[in-house]
Amino acid sequence: MQRINREAGFRAKEDRLKDQLVRGLAGDDTAYRTFLSELSAHLRAFLRKRLGQLPDEVEDLVQESLLAVHNQRHTYDPGQPLSAWVQAIARYKLVDLLRRRSAHEVLNDPLDEEMNIFSTADTDAAEARRDLNKLLDGLPDQQRLPIVHTKLEGLSVTEAAKVTGMSESAIKVGVHRGLKALAAKIRGIR
Amino acid sequence: MKTDDFISMLATEAGAISAPSATRRYATAMAWGAAGAMLLLITFLHVRHDLAEVVLLPMFWVKLGFVASLSVGSLFAVFRLSRPGAKLDWVPVAILGPVFGMWAIAIFAFLDAEPLDRSKLFFGETWKTCPLLIAMLSAPVFVAVIRAMKELAPTHLRLAGFSGGLLSGAVAAVVYCLHCPELGAPFVGFWYLLGMLIPALIGACFGESLLRW
C-alpha cells in the first residue's frame with residue numbers, strides 16, 4: 001500500500017514538473033522558473049547521494065546540471081518520461097566530472113541503479129565553490145552583454161538591443177552562445 | 001553565484017524555444033552530406049556507364065536495399081542516442097536484420113556457385129578499393145551528422161559516435177552503388193560492411209572528444 005502511494009507520488013510529481021517544463025518551453029518564464037527551482041532540489045539530493053566523498057562538488061554540479069538542462073532543453077520530447085531525461089543529463093554530468101577527476105572509486109552507488117530521480121529532494125543549498133559571475137566576466141562582449149542585460153538586469157530583448165546597439169537577433173544568439181560557452185568554460189576549469 | 005540566483009538568471013527572458021528540431025537538423029545534415037558524397041563521387045570516381053542496364057538486375061536492388069535499410073536503421077539509432085534518456089529498444093535489431101539477411105543471401109550464393117567461382121564471388125574485382133572508397137565518400141556525411149549531434153545532447157558518446165559513423169558510412173554506400181561494379185552478395189556482405197564500419201569505428205573512437213557538451 002505504501003509502495004503504491006509512493007509511486008502515485010512520483011507520478012504526480014512527474015506530471016506536475018512536466019507540465020511546468022512544457023509551459024516553459026512554450027514561453028512561460030514563470031512556470032519555467034518554478035520547474036528549475038523544484039528540479040534543483042531533486043538534482044541536489046540525487047547528486048549528494050552519489051558524491052558522498054566529494055561533498056564540496058555537489059552544489060557546483062547542481063548548477064552545471066541546471067545549465068545543461070537549460071542549454072539542452074530543446075531535446076526534451078514531451079512523449080518521454082521527464083525523470084528519464086533529467087536523470088540521463090544528471091548522470092552524464094556526474095560521469096563527466098568523475099572522468100575529469102578520474103575518481104571512479106568515490107562513487108557510493110552504482111550509477112545504473114533504478115532509482116527515480118524525483119523520489120528524493122534536498123532544498124538545503126550549500127555555497128557553490130565556483131563563482132559563475134567570474135566565468136561570465138570572461139566571456140566575449142557580444143555574449144556577455146546580452147546575458148548581463150537580459151538575464152541579470154531583466155531588460156527585454158528589444159531594450160537590450162537598444163542599450164548595446166546590437167540587433168535583436170544578435171542579442172538572442174549572444175545569450176544562447178554565451179550560455180553554451182559558459183558550460184564549456186565549466187568543463188574546462190575543473 | 002547562489003543556485004537560486006542562477007535559476008533566476010536562466011529563467012529570465014528564457015522565452016519559447018526556437019531551436020530547430022532534431023528532425024530538421026538531421027534532414028539538413030543528411031542533405032548536405034549526401035550532396036557532398038555525390039560531388040566526391042562525380043569528381044574522383046564516375047557513375048558506372050552501364051547503370052541503365054544494371055538497374056534491371058534484382059541483385060542491384062538487393063544491394064541498394066541493404067545499404068538503404070542500414071541508413072534508416074542507423075538514423076533511428078542516431079535520433080535516439082541524441083536525446084538523453086531515450087531507449088534504443090528494437091533499433092539494434094533493425095540494424096542487424098539487414099546484415100544477417102545479406103549474409104543469408106551470401107551463403108546461398110556460395111552454395112549455389114561452383115567451388116572455383118567462390119573466391120571471385122567474395123573478392124570480386126575491387127575488394128582492395130571498395131571499403132576505402134566508401135569510407136572516403138562518408139566524410140561529408142560524417143562531419144555534418146556529428147555537427148548536428150553535438151548540438152543535441154548525446155549521453156553515451158562512444159555509442160552515439162558509432163551510430164553517427166555508421167549512418168555516414170551507409171549513406172556513402174548508397175551513393176557508392178552508382179559507381180560500384182560488384183553484384184556478389186558475399187562481396188557486399190563483407191566489403192561494403194567493412195567500408196561502413198570504418199567511419200563507425202572512427203566515430204566510436206573519437207566520440208568522447210567530438211561530442212562532449
Every residue in the stretch B:98-131 that is surrounded by fewer than 13 Cβ atoms within 10 Å (Cβ to Cβ) and within 20 Å of the chain's Cα centre (by Cα), please. B:100
Tally of residues being open to solvent by 50 Å² or more (accessible area, probe 1.4 Å) and closer than 22 Å to residue B:109 by Cα across the stretch B:35-54: 1
Here are some conditions: (1) closer than 25 Å to residue B:160 by Cβ; (2) of a type outside the set (Ser, Thr, Tyr); (3) not in a helix (DSSP H, G or I). Residue B:140 meets all but one. Which one does it not meet? (3)
Pick from A:129, A:91: which is modelled with pLDDT of 90 or more and open to solvent by 30 Å² or more (accessible area, probe 1.4 Å)? A:91
Taking the stretch A:149-187 on its own, how many of its residues are of a type in the set (A, V, I, L, M, F, W, C), open to solvent by 20 Å² or more (accessible area, probe 1.4 Å) and at the interface with another protein chain (Cβ under 10 Å from one of its Cβ atoms)? 5
Matching residues in the stretch B:74-85 - criterion: being over 16 Å from residue B:97 (Cβ atoms), open to solvent by 10 Å² or more (accessible area, probe 1.4 Å) and in a helix (DSSP H, G or I): B:79, B:80, B:81
Matching option when the condition is in contact (Cβ under 8 Å) with a residue 60 or more places away in the chain and in a helix (DSSP H, G or I), among B:52, B:109, B:27: B:109
For residues in the stretch A:85-99 being under 15 Å from residue A:39 (Cβ atoms) and of a type in the set (D, E, K, R), which is nearest to the other protein chains (Cβ to nearest Cβ)? A:91
Condition met for residue B:71 (more than 14 Å from every other protein chain (Cβ to nearest Cβ) and assigned to a helix (DSSP H, G or I)): yes
When you look at residue B:194, is it at pLDDT below 90 and surrounded by fewer than 21 Cβ atoms within 10 Å (Cβ to Cβ), yes or no? no
Test result for residue A:168, touching a helix residue (DSSP H, G or I) at 6+ places or on another chain (Cβ under 6 Å) and more than 29 Å from residue B:209 (Cβ to Cβ): yes
Can you spot a residue in the stretch B:197-212 that is part of a helix (DSSP H, G or I), among the β-branched types (Val, Ile, Thr), surrounded by 24 or more Cβ atoms within 10 Å (Cβ to Cβ) and within 11 Å of the chain's Cα centre (by Cα)? no
Within the set of pairs 6 or more residues apart or between chains, which connect a residue that is at the interface with chain A (Cβ under 7 Å from one of its Cβ atoms) and under 22 Å from residue A:64 (Cα atoms) inside the stretch B:10-24 to a residue that is among the hydroxyl-bearing types (Ser, Thr, Tyr) and buried (at least 17 other Cβ atoms within 10 Å of the Cβ) with Cβ atoms less than 7 Å apart? B:11/A:32; B:12/A:150; B:13/A:150; B:14/A:32
Restricting the search to the stretch A:154-190, which residues are in a loop (DSSP other than H, G, I, E, B) and more than 23 Å from the chain's Cα centre (by Cα)? A:165, A:166, A:167
Cβ-Cβ under 6 Å, sequence separation 6+ or interchain: first residue in the stretch B:180-204 and in contact (Cβ under 8 Å) with a residue 40 or more places away in the chain and more than 25 Å from residue B:42 (Cβ to Cβ), partner open to solvent by 40 Å² or more (accessible area, probe 1.4 Å) and of a type in the set (Lys, Arg). Which pairs? B:204/B:158
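The values are calculated or read from the model by the stated rules, or taken from the named source; none is laboratory data. Nothing here was measured: the structure is a model prediction, and the numbers come from that model. A quick note on method: Cβ atoms are made from the backbone with ideal geometry, for glycine too, and the neighbour counts reach across all protein chains shown. These area figures cover heavy atoms from the full protein model, side chains too; ligands, DNA and RNA do not enter into them. Shrake-Rupley method; radii C 1.70, N 1.55, O 1.52, S 1.80 Å.
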